[in-house]
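Here the structure comes first, spelled out in structure tokens, and everything after it is commentary.
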Amino acid sequence: MKAHDFSDSFVHPTAVLDEGCTIGAGSKIWHFSHIMPQAILGEKCNIGQNVVISPKVVLGNNVKVQNNVSIYTGVICEDDVFLGPSMVFTNIINPRSAIIRRDQYVQTLVKKGASIGANATILCGNTLGEYCLIGAGTVVTKPVPAFALVVGNPGKQIGWVSEYGHTLTFDQHNHARCPESGELYRLENNRVQKV
């Protein structure tokens, strides 16, 4: 089967795009993925194989979604977010098969530049800060600060990372430099900011 063009985007012929979804220019949607009504994808997103994006999900520009990820109603991802293979979002605090709670979805916000590793689980109702890095297999149970490095079950912050994803080591003046970009960061009141 040959792939076809959909509004300046690549859509594999096995992908399903429901009427009423919005796909930004330059986005790619791969094998067996399903984009549901009222889902919004920004420009230059890359949606891997076997991905489901539920109604009213919002993805910013340049969001990378790896294989086998389901993004449920209530999830918002800002620009440049990375969602690793088989990571999981939830959207109900107390799910029960026999009780319909579609009016009780809880919002999860993933801020600009954040990365979530393979097989991580993000419990609903939390905000993941800008450029945070969630390690593979981590279970996030509470909000994550910007630039935080979080690992484990339950997730615990073990350090800080730069926009490029490198561990930051702060000196006696609470400054650290990213080894790749050379950008300077400051740690103050348990918050990291780029100088």
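Structure notes:
- Listed here are the strands (runs of 3 or more DSSP E) enclosed by segment 1-83 that have at least 1 residues being more than 18 Å from the chain's Cα centre (by Cα): 4-6, 9-11.
- So ALA3, is it more than 21 Å from ILE76 (Cα to Cα) and modelled with pLDDT of 95 or more: no
- Condition check for PHE170: closer than 19 Å to GLY60 by Cβ and of a type in the set (Phe, Trp, Tyr): no
- Scan of segment 49-70 for residues that are closer than 18 Å to THR127 by Cβ, without any contact (Cβ under 8 Å) to a residue 24 or more places away in the chain and not basic (Lys, Arg), ordered by number: VAL57, VAL58, LEU59, VAL63
- Residues located in segment 129-166, provided they are within 25 Å of ASN94 (Cα to Cα), among the charged types (D, E, K, R) and assigned to a loop (DSSP other than H, G, I, E, B): LYS142
- In the condition set (1) assigned to a loop (DSSP other than H, G, I, E, B); (2) under 21 Å from the mean Cα position of the chain (by Cα); (3) surrounded by 13 or more Cβ atoms within 10 Å (Cβ to Cβ), PHE170 is compliant with all but (2).
- Condition check for TYR131: farther than 17 Å from VAL58 by Cα and touching an Asp or Glu at 6+ places or on another chain (Cβ under 8 Å): yes
- Of all residues making up segment 84-111, the number that are in a strand (DSSP E or B) and crowded, with 19+ Cβ neighbours inside 10 Å: 3
The values are calculated or read from the model by the stated rules, or taken from the named source; none is laboratory data. Bear in mind that the values here come from a model prediction, so they are computed numbers and not experimental data. Cβ atoms come from the backbone with ideal geometry, glycine included; neighbour counts cover every protein chain shown.
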